[in-house]
Amino acid sequence: MRRQKTSYIIVAGIILFSFHAVPFVSPQNASRPEMQGTYFTETGCNHCDSFLYIQKPRLEEIYGIHIALETHDILSTKGYELCVEMLEQRGLKFTVFPVLFIGSNVYRGSNAIEENMPKEIEYFLSHGSYMPTIRQTDQSALAAKNSNAAFAASALPTIFAGLLDGINPCAFSTMLFFLSFMALKRKDQRSLLWVGLAFIVSVFIAYFLIGLGLLGALRKYLSENRFSIYINIFISTIAAIFAVLNVRDAIAASRGRAFDSVLQMPTFFKQLNHRFIRYFNQLPLYILGAAISGFLVSFIELACTGQIYLPTLAYMNQSMRSSKSILLLLMYNLAFILPLSLVFVLFFFGLRHEKIRHWYGSHLALVRLLSAVFFVALAVLVWAS
């Protein structure tokens with residue numbers, strides 16, 4: 001009886017090992033011709049995912065063929081080095097991705113892949129072999145042109161978003177409090193200049209580093225092995241919610257009830273911001289104190305300014321490859337500190353902070369409406385990226 005039971009266990013083990021060791025091949029794919037290739041993509045890239053998860057299955061269905069692709073993330077060190085090596089073997093340089101190696105050809109950029117893949121399949125089905133090598137010069141120029149056009153299309157909404165975030169009530173009120181505190185300290189003009197510059201530069205550095213970290217997190221966690229369409233749905237949904245809330249706050253501001261805004265920094269965070277500004281600017285090295293307070297309040301006010309920053313970062317992640325998305329992030333943050341810098345310049349040359357506060361309060365409804373327009377535009381733009 002023991003021997004029989006042992007035999008059953010051995011047989012079951014062999015069966016389980018067989019299922020584990022031999023990869024499962026669907027009967028449908030087994031009966032189809034198979035093309036093999038290598039695809040270098042970026043997790044979260046809209047166009048990259050579009051080919052992999054939408055166009056590729058569609059081509060397989062139309063032509064009755066199986067396209068087996070070995071995929072690599074171009075943002076990983078291993079993936080990038082392998083792509084560069086494979087390109088160099090063909091006398092080519094890395095210029096843009098996604099990159100598809102299929103047969104004797106290399107297609108760089110989404111347009112080149114989408115345009116040439118049907119031709120590759122048709123040739124393969126007709127001749128039983130891959131298409132001969134085509135000239136790469138025109139393809140490289142087209143890929144670079146498309147990349148520049150995509151960057152230009154993404155730059156304008158990114159700069160607008162940064163400017164809008166810079167006049168966000170959360171960021172603006174923090175700057176006004178900083179100015180009022182500086183007025184009480186009655187520093188000489190030279191000291192005031194250095195303190196203001198230290199505060200603004202530290203805000204820029206902190207906000208840029210926050211964006212860099214969040215952009216990396218979006219690439220690694222939100223987009224990995226998932227359809228980019230779900231990210232688009234998420235961005236559009238969040239943008240629609242914020243658009244409605246900004247319209248609601250615009251109506252409240254136009255009725256003189258700005259204090260009743262939904263999209264404002266919680267009281268606890270406001271008090272914490274003010275505490276940091278007061279404390280660090282009392283240090284003997286007041287320039288260092290201004291820099292430290294600017295750095296810290298940037299993290300705190302993200303609880304409110306993040307309503308624009310986070311969706312815009314998600315848009316950058318979807319619309320632009322890594323190297324240029326960093327440039328977009330830089331442009332966003334320069335635009336973000338521009339309103340703060342202008343307010344400081346006006347204050348430095350004698351305009352009282354009370355007048356600035358009054359002027360801003362009278363235009364708060366407009367700021368909210370512009371924010372609503374931005375979120376509506378973002379909800380649409382993310383599908384065109």
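The values are calculated or read from the model by the stated rules, or taken from the named source; none is laboratory data. Because the structure is predicted, anything quoted here is derived from the model rather than measured. Here the Cβ is made from the backbone with ideal geometry for all residues, glycine too, and neighbour counts use every protein chain on show. All accessible areas refer to the heavy atoms of the entire protein, side chains included, with ligands and DNA or RNA removed. Shrake-Rupley method; radii C 1.70, N 1.55, O 1.52, S 1.80 Å.
Numerical summary
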{"item": "Residue match in the range 300-317 (condition: surrounded by 24 or more Cβ atoms within 10 Å (Cβ to Cβ), within 19 Å of the chain's Cα centre (by Cα) and either over 25 Å from Ala243 (Cα atoms) or modelled with pLDDT under 75 (or both))", "result": "yes"}
{"item": "Residues being polar (S, T, N, Q), closer than 23 Å to Arg32 by Cα and assigned to a helix (DSSP H, G or I) - total across the range 64-123", "result": "1"}
{"item": "Residues being in a loop (DSSP other than H, G, I, E, B) and either open to solvent by 20 Å² or more (accessible area, probe 1.4 Å) or farther than 13 Å from Val367 by Cα (or both) - total across the range 241-262", "result": "4"}
{"item": "Every pair of residues 6+ apart whose Cβ atoms lie under 6 Å, when the first sits in the range 277-292 and is within 16 Å of Phe204 (Cβ to Cβ) while the second is open to solvent by 60 Å² or more (accessible area, probe 1.4 Å) and at pLDDT 75 or above", "result": "Ile287/Trp194"}
{"item": "Flag for Ile62 being closer than 21 Å to Asn232 by Cα, open to solvent by 30 Å² or more (accessible area, probe 1.4 Å) and among the β-branched types (Val, Ile, Thr)", "result": "no"}
{"item": "First in the range 189-216 and within 15 Å of Met331 (Cα to Cα), second anywhere and buried (at least 20 other Cβ atoms within 10 Å of the Cβ) and not hydrophobic (A, V, I, L, M, F, W, C), Cβ under 6 Å, 6 or more apart", "result": "Val203/Gly294; Val203/Ser298; Phe204/Asn333; Ala206/Ser298; Tyr207/Ser298; Tyr207/Asn333; Phe208/Asn333"}
{"item": "Val367 being over 22 Å from Arg257 (Cβ atoms), part of a helix (DSSP H, G or I) and of a type in the set (A, V, I, L, M, F, W, C)", "result": "no"}
{"item": "Subset of the range 227-285 [charged (D, E, K, R), within 21 Å of Arg368 (Cβ to Cβ) and at pLDDT below 80]", "result": "Asp260, Lys270"}
{"item": "Extreme residue, surrounded by the fewest Cβ atoms within 10 Å (Cβ to Cβ), among residues of the range 141-173 that are modelled with pLDDT of 80 or more and over 21 Å from Ile300 (Cβ atoms)", "result": "Leu156"}
{"item": "Selection count where residues are free of Cβ contacts under 8 Å to residues at least 24 places away in the same chain, open to solvent by 50 Å² or more (accessible area, probe 1.4 Å) and farther than 25 Å from Ser325 by Cα, scope the range 91-128", "result": "7"}
{"item": "His353 vs. criteria more than 18 Å from Ser202 (Cβ to Cβ) and touching a Ser or Thr at 6+ places or on another chain (Cβ under 8 Å)", "result": "yes"}
